[in-house]
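Undergrad: Take this structure, written in structure tokens, and hold onto it; I'll ask about it next.
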Amino acid sequence: MKKKLLFSLALCASLLMGATQAKAQSKLDVPPLDAELTELADEVIAQQISDPDAANKSFTKLFRKMRNNKEELVSAGKYFLSKKVYPCAKFCADGAYKLDAQYLPALMLGGEVYMTFKDYGTAGQRFDEALLVDSTLTEALELKAFVYKNVNPHVAIEALERIKRLDPNNFEADKDLGDIAYNMGDYKKAVKHYDPYYKGTPVDSLNERSLENYMNSLYATSSFVKALGVLKVIEPRYPNNLVFKRMNFICNYENYDLPATEAALSYIRDKQFADSLYLYLDYAYASKYMKEKNDTANAILYMEKAVAVDSSRTSAYKDLSSMYQMGRDYDKAIGAYTTYLAKLGEKAQPTDLFQLGVLNFYASQNATGDAKTAYVAAGDTVFARVATEVPDSYLGPQWRARINNIDDKTPLDNVRAFYVEALNRIGDNEKAKSAKLESLQYLAWYALQKDQNDDALKYSEQILQIDPQNTMASQIKSFLERFSGQQ
């Protein structure tokens, strides 16, 4: 069974018949119908549409002639199956089964016939019975795997693994195992099975859909270089395959081959496919690539397209907010991030909330009047909540100080209080030197403006202990020492 089996009755039946016949093993062979029985069978086939009653009479006559001969029943059943006359094929298969329930050709025919009626339970039972007679019957294992592949994958896996034990070079079984693993979301295992299938099968015989699954699995397991190697072989054979173009673009981006990424982007840039065929992944990666190029406008454009394609992705709104922030459109950045937090719901952590405060901080820097007041209030509310919910972190009070420091010429008591709290939380944390310096510098400047010279000198000396070359602290200390000397 070397072809892709489709789910139409006609094609399914013809492929199954071809698969069984291709094996040409004597234990499944039956003599062909003799001339007389073939003539009667052809009468049934010719009459089934034009004169159903006559067809029934002809089939009854045929069946009576062979009802006690299991070989003839199987031969007639196969003949009817090949002609897509499924009810007659079923009647013959059931008749042969009643004569000998351990007759392999009858069991296999019965399984194939019941598959055409989508009675997968009975079909699987027939193949199981055949395997009880001959546990090495590869044909039964293959068809059993096909029956259960989408119904009970674990049973299909067991059958396919038995095939591999019997025939290690059965790469079609590797393909089916890969398909099952892919459908179950086990991409690592899918790659494990697709690898030998790809290596052991002639390129012209590879199944396109399974190759798509293979590429998606390599992407999911971050095997980008390996995927590019496979794509070099298969993509030229499928010039209109969107999945292969997508993977070529994404894997080149992940491999940081920007010239190749630029070339591969053409499938999106040139709109080579209908809009409805593009996925979130296409536009999200296009946005990432544009961000890499510092092309902010297109980075935003593609991220907006990504969200439009799939608005259910929570993280998409965080990424979109980041793109708006890059373009300094803080109102849209805040809007997208607010949606992100709403979608997170109860899963939102203080670290998630923190970014909303940061966006309001940046928005406030170039705003004036009521707009500035609104941004400051919104950001301060966020940072106050972070300060409360994460009491051992200095970030909450530090950012409250930053966003409330709205006048760099006037020392503000609330800003000073926030920096004092930040210092208390920092303590001896060696990893927070820059935050400590920021706090001390404001406190030193505040004290100097308030004529609190002792405090100004104290904070300046603490700054110089951390940063001996600090210009501001050096100047304050020098000034205060001269001022003290003049007194």
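The values are calculated or read from the model by the stated rules, or taken from the named source; none is laboratory data. Since the structure is predicted, the reported quantities are computational estimates derived from the model, not experimental observations. Counting neighbours? That spans all protein chains shown, and the Cβs are built from the backbone with ideal geometry, glycine included. All accessible areas refer to the heavy atoms of the entire protein, side chains included, with ligands and DNA or RNA removed. Shrake-Rupley method; radii C 1.70, N 1.55, O 1.52, S 1.80 Å.
Undergrad: Could you tell me which of the residues TYR219, TYR253 is in a helix (DSSP H, G or I), touching a Phe, Trp or Tyr at 6+ places or on another chain (Cβ under 8 Å) and among the hydroxyl-bearing types (Ser, Thr, Tyr)?
TA: Selected residue: TYR253, the only one of TYR219, TYR253 that is in a helix (DSSP H, G or I), touching a Phe, Trp or Tyr at 6+ places or on another chain (Cβ under 8 Å) and among the hydroxyl-bearing types (Ser, Thr, Tyr).
Undergrad: When the residues of the range 457-472 are filtered to those that are within 54 Å of the chain's Cα centre (by Cα) and hydrophobic (A, V, I, L, M, F, W, C), which remaining residue is farthest from ASP428 (Cα to Cα)?
TA: MET472
Undergrad: Here is a further query. Let me confirm something: among LYS431, LYS477, which residue is open to solvent by 50 Å² or more (accessible area, probe 1.4 Å), in contact with a helix residue (DSSP H, G or I) (Cβ under 9 Å, 6 or more places away or on another chain), modelled with pLDDT under 95 and in a helix (DSSP H, G or I)?
TA: After ruling out the rest, the residue left standing is LYS477.
Undergrad: Looking at the range 397-428 only, could you name the residues that are part of a helix (DSSP H, G or I) and farther than 25 Å from GLN465 by Cα?
TA: Scanning the range 397-428 gives ARG400, ILE403, ASN404, ASP413, ASN414.
Undergrad: Could you tell me whether the range 245-252 includes any residue that is open to solvent by less than 10 Å² (accessible area, probe 1.4 Å), under 30 Å from GLN125 (Cβ atoms) and without any contact (Cβ under 8 Å) to a residue 60 or more places away in the chain? Please lay out each step first, then the result.
TA: The initial filter retains those residues of the range 245-252 that are open to solvent by less than 10 Å² (accessible area, probe 1.4 Å), namely 247, 249-251.
Those still in the list that are under 30 Å from GLN125 (Cβ atoms) too: none.
Scanning the range 245-252 turns up no residue that is open to solvent by less than 10 Å² (accessible area, probe 1.4 Å), under 30 Å from GLN125 (Cβ atoms) and without any contact (Cβ under 8 Å) to a residue 60 or more places away in the chain.
Undergrad: Take VAL382 and decide whether it is open to solvent by less than 30 Å² (accessible area, probe 1.4 Å), β-branched (Val, Ile, Thr) and touching a residue at least 12 places away in the same chain (Cβ under 8 Å).
TA: So VAL382 passes the test.
Undergrad: Here's something else I'd like to know. Among the listed residues LEU353, LEU359, identify the single one that is assigned to a helix (DSSP H, G or I) and open to solvent by 20 Å² or more (accessible area, probe 1.4 Å).
TA: LEU353
Undergrad: Would you pick out the residues in the range 78-102 that are part of a helix (DSSP H, G or I) and under 19 Å from ILE49 (Cα atoms)? Walk me through how you get there before you give the answer.
TA: Kept after step one, since they are part of a helix (DSSP H, G or I), are these residues of the range 78-102: 78-82, 86-99.
If the condition is that a residue be part of a helix (DSSP H, G or I) and under 19 Å from ILE49 (Cα atoms), then TYR79, PHE80, LEU81, SER82, TYR86, PRO87, CYS88, ALA89, LYS90, PHE91 are the ones that fit.
Undergrad: If you go through the range 182-211, how many residues are more than 19 Å from LYS226 (Cα to Cα) and either free of Cβ contacts under 8 Å to residues at least 24 places away in the same chain or assigned to a helix (DSSP H, G or I) (or both)? Explain how you work it out, then say what you get.
TA: To start, the set of residues in the range 182-211 that are more than 19 Å from LYS226 (Cα to Cα) comprises 183-185, 204-205.
Checking the rest, the ones that are also either free of Cβ contacts under 8 Å to residues at least 24 places away in the same chain or assigned to a helix (DSSP H, G or I) (or both) come to 183, 185, 204-205.
Total meeting the criteria: 4.
Undergrad: From the list PHE63, PHE117, exactly one residue is of a type outside the set (A, V, I, L, M), touching a residue at least 24 places away in the same chain (Cβ under 8 Å) and surrounded by fewer than 17 Cβ atoms within 10 Å (Cβ to Cβ). Which is it?
TA: PHE117
Undergrad: Can you tell which of ALA447, ALA422, ALA456, ALA473 is out of contact with any Lys or Arg (no Cβ under 7 Å at 6 or more places or on another chain) and within 30 Å of THR351 (Cβ to Cβ)? Walk me through how you get there before you give the answer.
TA: Numbers: ALA447 fails: within 30 Å of THR351 (Cβ to Cβ); ALA456 fails: within 30 Å of THR351 (Cβ to Cβ); ALA473 fails: within 30 Å of THR351 (Cβ to Cβ).
It is ALA422.
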